[in-house]
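Undergrad: This is the structure I want to talk about, given as structure tokens.
What follows draws every value from the coordinates through simple rules; no lab data is involved. Please read all numbers here as calculations on a predicted model, not as lab measurements. So basically every Cβ, Gly included, is an ideal-geometry build from the backbone, and we count neighbours across all protein chains shown.
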Amino acid sequence: MKIKKVNCLIDFFSEEIPASMQLFLEKELNLLFEKVLNKVLLNYEKIDILSSPRHHCILIHNIDSVQKDQSLDIKGPRIDSPKLAIEGFLKTNKTTLKKLTVNKTNKGEFYFHKKFIKGKTFSQLITDLIQEVCASISWPKSQRWGYSDLKWGRPLRNIMVLIDKSCVNGKIKINDHDFIKFKNYTFGHRSLNKTVKVNSVNDFINTMKNSYVFVNRLQRKKVIEMQISKIAKKLNLNCYRDDSLLNEVTGLVEFPNVLVGKIDKQYMKLPFEILSIVMKVHQKYFSLVDNSENMAPFFLVVSNLKPNNQTDKNVVKGNERVLRARLSDALFFWEYDCKNDFSYYLNKLKTMIFYEGLGDLHDRSLRLSKINEKIGPSFNFKDNKKLNKLGLYSKLDLSSNLVGEFPELQGTMLKYLAKLNGFSKDMQFAFEDQYKPVGLNKNMPRNKLGSILSVSNNIDTLSCFFSIGLIPTGSRDPFALRRSGNSLINILWHETNTLSLNQLINSLDKKLSKDVKLVNEINFFLIDRLYNFLIEKGFRSDKLSAIISKDNIGQKTFLEIKSELKALDKILNTKNGIKFISNFKRIYNITKKSETLPNSLKIKEELFVFKEEMQLYNFLTKLSKSNKISSELIYNRIQLDHFNEFNILIEKFFDNVLVNDKKTQIKNNRIKLLESIKHNFEMICKFQLLKI
């Protein structure tokens, strides 16, 4: 019989959930509802998750109205089990011995009970499914309120559950005695504060829109973009594109209404970045620019009120007044900060603690200068005077009033201070770009100086916090050290340099670089970051393990690691390469199973019995010489000269030579020969980890 399909709507109505948490909740609800529906064997077409600050809704399309009936074979005890065990099985399943069947398995004959389970209707199941989902959400931050034990991002006020046109009669438990009952209504826009009755699942989105709530996040975002574009076009301007602000504002409003306000002329003397940061971070305003990318004296604010001429005017006036106060502070700080020279800020850094136990910001600046000078040549930059100044002045703006009030301007403020003090453009850009890239972001510094300072910043941050035992563990990383590690790896991978992890760590203070435990911890941490970074870029995990797990990986420059991965691809794409890896794994397994031989034991030619042993030994000598040249040449030479030769020699060896000879000396000599070949190849790559 064909199962009838239905649509279902579940609307969780709560106090306003922060914009940053809404996307998380969308993903959690989608994942959890998929999981519980699959568990109860209900088929459905798709699940849509809709969200706004106060609504999180689940739309389940074309789901089975009833479960399929099930027939289960429940395995019981063996037929020769004690009587007590058989009786217990009968009692548990409420059946008799005559109704059991006997089936043969590979472990003997067992009793089986055939159980028929009548499928439940979806409406019978939905309450328990909602209860399970609510209890399973892994909130980054949650609240319990009043007498409720149920955790939610903000207090949960109402749950509406509809199946097609019918309201589900159910409730979820919020403590031992209290429940939230399912309703056939929800709530519209906050300022209207009225209940909204929804007649059917299909009417929900339009009904909410008529109550001034766009429950679809993407639809709200599109409405905001269209309104911004319309206003900008009317003013013959362009909106300064800021996707992070757009996403945030989309999560702050339910019925967007974009309005335009004016910026007083006196504040237009402020640099573009200062104006836009003040408006974005503190007020959530969009900036407008002309065709030359110059700041226009207007801003756009997204109101959460339905359009009304008088209300709109009041909203604009109120926002202009607030912005005036913000920009007045910014202008005062800007003019005051611009009067001071670098020596003033340098002295102020001595009063600012970097972190307890890690000195002040002036100490940090001195460290950065020294690191810059040590790693600069690896970026083909050898002007030590410039590198020294770059590090020494890199934190000056942190002692300025403007950055104290608006921390988001760090780096940008220093660029302007450097300009006022006559620094070259490359230094100005380097000061501004020192915090790039953020983690795995592709937004790189604009020049070598910026890259050098960014690397110095990140390795100093890691070494400092690691040195006082503040190392990321599990999900805890309060100082964002993983992000620092990611930024460091990101730059070293993308920017041309000849730096290895060992050289990088040696650029640190002597006391730190000679601390073996600390060096190992930083090394392991950065190798792990490199592995994860390359996984993100789509590299195969076995290839990465084969290259990155080498004992000498810390000595490899990132250019060498790139060339090794590229060469490994070539190896895996040739028949000789695949055959070589197979032969290498055979050697690896033989030596792994054999008794460990002392390092002092040498290969003795006089113990060779067969010509195949001598031929393999000659190959080993040639291979050892190859390993003294660069990794790229090693790979090319192995691919062109050695693979085919090695495959022929090793196959002949295994065909004609018995490794485990009766004479211990001969056996050990052969194992040592294979071990030496394995060791030489492992210096290039741990081929045994590759999947073929």
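Undergrad: Once you place label points 7 Å from the Cα toward the Cβ at residue 596 and residue 45, how far apart are they in nm?
TA: Reported label-point gap for residue 596 and residue 45 is 6.5 nm.
Undergrad: What is the list of residues in segment 241-264 whose amide nitrogen lies under 15 Å from a point 7 angstrom out from the Cα of residue 272, following Cα to Cβ?
TA: 241-242
Undergrad: Further, regarding this structure: How would 619, 687 line up from fewest to most surrounding beta-carbon atoms within 10 angstrom?
TA: Going from sparsest to densest Cβ surroundings: 619, 687.
Undergrad: Give, in nm to one decimal, the length gained when the segment between residue 322 and residue 142 is fully stretched (0.36 nm per residue of separation minus the Cα-Cα distance).
TA: In short, 61.7 nm is gained.
Undergrad: Going by the alpha-carbon gyration tensor, a ≥ b ≥ c the square roots of its eigenvalues, is the chain rounded (a/c under 1.5) or, if a/c is not under 1.5, prolate (a/b greater than b/c) versus oblate?
TA: Oblate, because a/c is 1.5 or more while a/b does not exceed b/c.
Undergrad: Modelling each spin label as a point 7 Å along the Cα-to-Cβ direction, I'd like the residue 569/residue 313 distance in nm, to one decimal.
TA: Placing both labels 7 Å beyond Cα along the Cβ direction yields 6.5 nm.
Undergrad: Under the rule of -39500 (n - 2.57) per DSSP H run of 4 or more residues, summed and divided by the residues of the chain, what mean residue ellipticity at 222 nm is obtained, to the nearest 500 deg cm²/dmol?
TA: -15500 deg cm²/dmol
Undergrad: For residue 405 and residue 585, what does the FRET efficiency come to when R0 = 51 Å and r is the distance between their Cβ atoms, rounded to the nearest 0.05?
TA: For R0 = 51 Å, the calculated efficiency reads 0.25.
Undergrad: Please give me the summed charge of the neighbours of residue 263: other residues whose Cβ is under 15 Å from its Cβ, Lys and Arg +1, Asp and Glu -1.
TA: +3
Undergrad: Also: Let's test the formula: R0 of 60 Å, r as the Cβ-Cβ distance of residue 62 and residue 91. What FRET efficiency results, to the nearest 0.05?
TA: On the way: r = 42 Å, r/R0 = 0.70.
That pair, residue 62 with residue 91, gives E of 0.90.
Undergrad: What distance in nm separates the simple spin-label points at residue 243 and residue 120, each placed 7 Å from Cα in the Cβ direction?
TA: With each label placed 7 Å out from Cα toward Cβ, I get 4.3 nm.
Undergrad: Would you kindly derive the ³J(HN,Hα) couplings of segment 223-230 from the backbone phi angles with the Karplus curve 6.51 cos²θ - 1.76 cosθ + 1.60 (θ = phi - 60°), listing them in order in whole Hz, with x for Gly and Pro?
TA: Here the 3J(HN,Hα) series is 4, 4, 4, 5, 5, 4, 4, 5 Hz.
Undergrad: Write out the trypsin sites (Lys or Arg not before Pro) in segment 441-518 meeting two conditions: DSSP loop, and at most 11 other Cβ atoms within 10 Å of their Cβ.
TA: Sparse-neighbourhood loop trypsin sites (Lys or Arg not before Pro): 442, 514.
Undergrad: Now for a separate question. What does the C-alpha gyration tensor say about the overall shape of segment 217-338? Classify as rounded when a/c is under 1.5, otherwise prolate if a/b is larger than b/c, or oblate. Present the calculation step by step, with values, prior to reporting the outcome.
TA: Details: a/c = 1.74, a/b = 1.53, b/c = 1.14.
Taking the square roots of the gyration eigenvalues as a ≥ b ≥ c, segment 217-338 is prolate.
Undergrad: Something else now. Set the Förster distance to 51 Å, then compute FRET efficiency between residue 169 and residue 335 from the Cβ-Cβ distance, nearest 0.05.
TA: Plugging the Cβ-Cβ distance into 1/(1 + (r/R0)^6) gives 0.15.
Undergrad: Compute the Cα gyration tensor for segment 354-538, then decide on rounded, prolate or oblate, letting a ≥ b ≥ c be the square roots of its eigenvalues: rounded whenever a/c is under 1.5, prolate when a/b is larger than b/c in the other cases, and oblate in all that remain. Don't skip to the answer; put the middle values down first.
TA: Values: a/c = 1.43, a/b = 1.34, b/c = 1.07.
Rounded, because the longest to shortest axis ratio a/c is under 1.5.
Undergrad: Can you return the aspartates and glutamates within cross-link range of residue 115? Criterion is Cα-Cα under 14 Å, with same-chain partners fewer than 8 residues away left out.
TA: Answer for residue 115, where 14 Å is the Cα cut-off: 69, 73, listed by chain and number.
Undergrad: Per 0.36 nm of contour for each residue apart, how much would the distance between residue 540 and residue 605 grow if the chain were fully extended, relative to their Cα-Cα spacing?
TA: So the chain would gain 19.3 nm between residue 540 and residue 605.
Undergrad: How large is ³J(HN,Hα), in whole Hz, for each residue of segment 206-222 in order, when computed from phi with the Karplus curve 6.51 cos²θ - 1.76 cosθ + 1.60 and θ = phi - 60°, using x for Gly and Pro?
TA: So the Karplus estimates, Gly and Pro as x, are 5, 4, 5, 5, 5, 9, 6, 9, 8, 7, 8, 4, 5, 5, 4, 4, 5 Hz.
Undergrad: Residues with beta-carbon under 13 Å from that of residue 449, excluding residue 449: net charge, scoring Lys, Arg +1 and Asp, Glu -1?
TA: +3
Undergrad: How much length would be gained if the chain were fully extended between residue 470 and residue 344, taking 0.36 nm per residue of separation minus their Cα-Cα distance, in nm to one decimal?
TA: Details: separation 126, 0.36 × 126 = 45.36 nm, distance 3.23 nm.
Going from the current span to full extension adds 42.1 nm.
Undergrad: Could you compute the net charge surrounding residue 10? Neighbours are other residues with a C-beta less than 12 Å from the C-beta of residue 10; K and R count +1, D and E count -1.
TA: Residues near residue 10 contribute -1 overall.
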